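**Student:** A single structure is presented below for examination.
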Amino acid sequence: MTEQSSITGVILAGGMGRRMGNVDKGLQLLRGKTMVAWVIERLQPQVGTLIINANQNLERYAEFGCPVVPDQIPDFAGPLAGLHAALSAAQTPLVATAPCDSPFLPEDLISRLFLALTASGADLAVVRTFDQPQPVFCLCKREVLPHLTEFLQSGGRKIDRWYSTLKVTEVAFDDQAAAFENINTREELGRFEGR
């Protein structure tokens, strides 16, 4: 199995978009394209299979040609619930995550995470820019699913708290830090529109 074919990518689009006025962020337009379309364009060439985690507008997301999986954990439980849904749906040994609101993620994101994960023998590789972890950009082994299920069922929701229970390797992307900026508000969307 090649590196790429061993990885399922998941775009995390399951949030409520509260800071953007309770709209579905992934479907907001940026330079004439939805934000999720930008992420698909960047992530799809880096993985064997791509799925979208969404909890609303499932039919709209399905139009992008990727399987759409909703959270199995109720009440918009956050990015870990999206990862849980992806790990449950994936048929590959590895799953990579990226949020729908970071449209310009690096084209070498997955290869760098894969190299670090393989070299370290960790459960999970996560992006770091300077001293800031970027926990929603990760590559993890599908075998962490039972552990994540237990964490979520016990009420855990904080991504960094779950990571602290695993063997994690951080991968420096200081050279591309701007690629991990995310768009949470209409003001930020306007700023990216003008770049």
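The values are calculated or read from the model by the stated rules, or taken from the named source; none is laboratory data. Everything numeric here is computed off the predicted structure, so don't read it as measured data. FYI the Cβ positions are ideal-geometry reconstructions off the backbone, even for glycines, and counts take in every protein chain you see.
**Student:** For residues that are in a strand (DSSP E or B) and in contact with a Phe, Trp or Tyr (Cβ under 9 Å, 6 or more places away or on another chain), scanning just the range 54-72, find the one that is surrounded by the most Cβ atoms within 10 Å (Cβ to Cβ). First the steps, then the outcome.
**Tutor:** Restricting attention to the range 54-72, the residues satisfying the condition of being in a strand (DSSP E or B) are 54, 68-69.
Filter once more, so that each one left must be in contact with a Phe, Trp or Tyr (Cβ under 9 Å, 6 or more places away or on another chain): 54, 68.
Values: Ala54: 27, Val68: 21.
Going through the qualifying residues, I end up with Ala54.
**Student:** Any idea which of (1) in contact with a strand residue (DSSP E or B) (Cβ under 7 Å, 6 or more places away or on another chain); (2) buried (at least 21 other Cβ atoms within 10 Å of the Cβ); (3) of a type outside the set (Lys, Arg); (4) not in a loop (DSSP other than H, G, I, E, B) is the one Ala116 doesn't satisfy?
**Tutor:** The single condition Ala116 does not satisfy is (2).
**Student:** Hey, any hits in the range 73-85 for a residue that's surrounded by fewer than 21 Cβ atoms within 10 Å (Cβ to Cβ), in a loop (DSSP other than H, G, I, E, B), at pLDDT 95 or above and not hydroxyl-bearing (Ser, Thr, Tyr)?
**Tutor:** no
**Student:** Tell me yes or no: at least one residue of the range 166-187 is more than 24 Å from Ile7 (Cβ to Cβ), buried (at least 16 other Cβ atoms within 10 Å of the Cβ) and touching a Phe, Trp or Tyr at 6+ places or on another chain (Cβ under 7 Å).
**Tutor:** Scanning the range 166-187, I find at least one residue that is more than 24 Å from Ile7 (Cβ to Cβ), buried (at least 16 other Cβ atoms within 10 Å of the Cβ) and touching a Phe, Trp or Tyr at 6+ places or on another chain (Cβ under 7 Å), so the answer is yes.
**Student:** Let me ask something else about it. What's the total number of residues in the range 1-24 that are buried (at least 18 other Cβ atoms within 10 Å of the Cβ) and either modelled with pLDDT under 85 or in contact with a Phe, Trp or Tyr (Cβ under 8 Å, 6 or more places away or on another chain) (or both)?
**Tutor:** First, the residues of the range 1-24 that are buried (at least 18 other Cβ atoms within 10 Å of the Cβ): 7-15, 17, 20, 24.
Subset that is either modelled with pLDDT under 85 or in contact with a Phe, Trp or Tyr (Cβ under 8 Å, 6 or more places away or on another chain) (or both): 7, 13-15, 17, 20, 24.
The total comes to 7.
**Student:** Report yes if Ser111 is in contact (Cβ under 8 Å) with a residue 40 or more places away in the chain, assigned to a loop (DSSP other than H, G, I, E, B) and of a type in the set (S, T, N, Q), otherwise no. I'd like the intermediate steps shown before the answer.
**Tutor:** Working: in contact (Cβ under 8 Å) with a residue 40 or more places away in the chain: yes; assigned to a loop (DSSP other than H, G, I, E, B): no; of a type in the set (S, T, N, Q): yes.
No: the conditions fail for Ser111.
Conditions (1) within 26 Å of Lys158 (Cβ to Cβ); (2) in contact (Cβ under 8 Å) with a residue 40 or more places away in the chain, marked per residue:
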site	(1), (2)
Asn57	no, no
Val68	yes, no
Pro79	yes, yes
Ala85	yes, yes
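**Student:** Please count how many residues of the range 145-162 are crowded, with 18+ Cβ neighbours inside 10 Å and more than 16 Å from the chain's Cα centre (by Cα).
**Tutor:** Total satisfying the criteria: 2.
**Student:** Now for a different question. So, in the range 179-195, of the ones that are in contact (Cβ under 8 Å) with a residue 40 or more places away in the chain and out of contact with any strand residue (DSSP E or B) (no Cβ under 9 Å at 6 or more places or on another chain), which residue ends up farthest from Thr129 (Cα to Cα)? Show your work before the answer.
**Tutor:** Residues of the range 179-195 that are in contact (Cβ under 8 Å) with a residue 40 or more places away in the chain, as a first pass: 179-186, 189, 192-193.
Adding the requirement that they be out of contact with any strand residue (DSSP E or B) (no Cβ under 9 Å at 6 or more places or on another chain) leaves 181, 184-186.
Details: Glu181: 10, Asn184: 19, Thr185: 21, Arg186: 24 Å.
Going through the qualifying residues, I end up with Arg186.
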